[in-house]
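Read through the structure below, which is laid out as structure tokens, and then see the notes.
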Amino acid sequence: MACIEGHIDHRLTAPATPKTNGMVERVNGTIKDATIKVLTYKDEAELKADLDKFLVYYNLNRRHGSLK
């Protein structure tokens, strides 16, 4: 229900692929470490705005391990 309301494409990892699930969990942890673990938000809209900014940074500016 939350995915539908948030216009999120819900996907599952393929069976017997723990590496894929680990990568997803690592990205989720990275996002949490940069947002809700260090900042306080007054409402959901403020959180969403910060997440949008972080995702732009993460996808376009942040150096990723495989690219170092």
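Bear in mind these aren't lab numbers, they're just calculated from the coordinates by the rules spelled out. Because the structure is predicted, anything quoted here is derived from the model rather than measured. Cβ: placed from backbone, ideal geometry, glycine included. Neighbour counts: every protein chain shown.
For the reader, a short list of remarks on this structure follows.
- With each label modelled as a point 7 angstrom along the Cα→C-beta vector, the Glu25-Cys3 pair spans 1.9 nm.
- Looking at the chain, the pairs of alpha carbons with a distance over 21 Å make up 39% of the total.
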